[in-house]
Amino acid sequence: MFTGLIREFASVVSYKNSVLTLRAEYRPSIGDSVAVNGVCLTVVSLGDAQFSLELSNETRSLMAVKNLKGRVHVEPAMKLSDRLEGHIVQGHVDCIGVIKSIEKNQNATDFYISYPKEFFRYIVPKGSIAIDGVSLTINEVSKEHFRLTIIPHTLSQTLFGEYSLAQEVNIETDMFARYIYHMINTKDAMSWSEVDSIMAKF
């Protein structure tokens, strides 16, 4: 699990044969989970001030692989003792979005991002979403795009400050929206009374 708060920019040393090598201040151990541009990956080897992670075919098919160059977002997996300041992010990317418009909005900047229409059911106004691993709030939703309002601090502390039109980004929809949709739309879905009964136990 992750929080969607970017801890560091890492530099891509290489990406070949499904192995991504990064240079960063962060020092993981082999087997650690690290979110890179919002994608949960496993550390497979260590080097001098760098580490490598392996990407499966499934992972590569869902993410914006073309962005594995230059700088990338890095967030180590959350510890149980950590403070949750963003939202619960799994590092399981749903799809790729495309930045369609960037508009200055007083002291902030609006980003309009298009996405595959089948994910409309999981994208909720004022709900949470992770873009390249960054925890953000959705301000407006249509079946073609959603709007995010990015404050100057986020622009300076993430790669959003470098994004441009037609940029591809990794999208992870809200985990709870996915779970609820699955619960009420599967053939053997639980009734709301059963859901209430489970929630009452916590």
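Each value in this text was obtained by applying a stated rule to the coordinates, not by laboratory testing. If you're wondering where the values come from, they're calculated on a predicted model, not measured in any experiment. Every residue, glycine as well, gets a Cβ built from its backbone with ideal geometry; the counts of neighbours run over all protein chains shown.
A few notes on this one:
- Förster radius 25 Å - calculated FRET efficiency between residue 79 and residue 104, Cβ distance, rounded to 0.05: 0.10
- Rounded D (µm²/s) - the stretch 95-180, Kirkwood Rh over Cα pairs, Stokes-Einstein at 25 °C, 0.890 mPa s: 191 µm²/s
- Toward the positive end of the charge dipole of the chain, with +1 on the Cβ of Lys and Arg and -1 on the Cβ of Asp and Glu, the farthest Cα among 185, 11, 141 is that of 11.
- Relative contact order, percent, the stretch 6-67 [alpha-carbon distance under 8 Å, six or more residues apart]: 27 percent
- Cα-centred dipole magnitude for the stretch 95-180, charges only on beta-carbon of K, R (+1) and D, E (-1), debye, nearest 20: 260 debye
- For the residue pairs 104/126; 66/100; 104/143; 16/143; 69/117, the C-alpha atoms sit more than 26 angstrom apart in 16/143; 69/117.
- When shorter helices are ignored and each DSSP H run of at least 4 residues is given -39500 (n - 2.57), the per-residue value for the chain at 222 nm works out to -4000 deg cm²/dmol.
- Inter-label distance, residue 48 to residue 117: 5.5 nm, where each label sits 7 Å from its Cα along the C-beta direction.
- Ranking 163, 108, 52 by Cα position along the charge dipole of the chain, where only Lys, Arg, Asp and Glu carry charges on their C-beta atoms, puts 163 farthest toward the positive end.
- Exposure rule at most 10 other beta-carbon atoms within 10 Å, DSSP loop GluC sites (Glu not before Pro): the chain longest free segment: 86-202
- The mean sequence separation of alpha-carbon pairs under 8 Å and at least six residues apart, normalised by the residue count of the chain, gives a relative contact order of 22 percent.
- Pairs of Cα atoms farther than 22 Å apart, the chain, %: 51 percent
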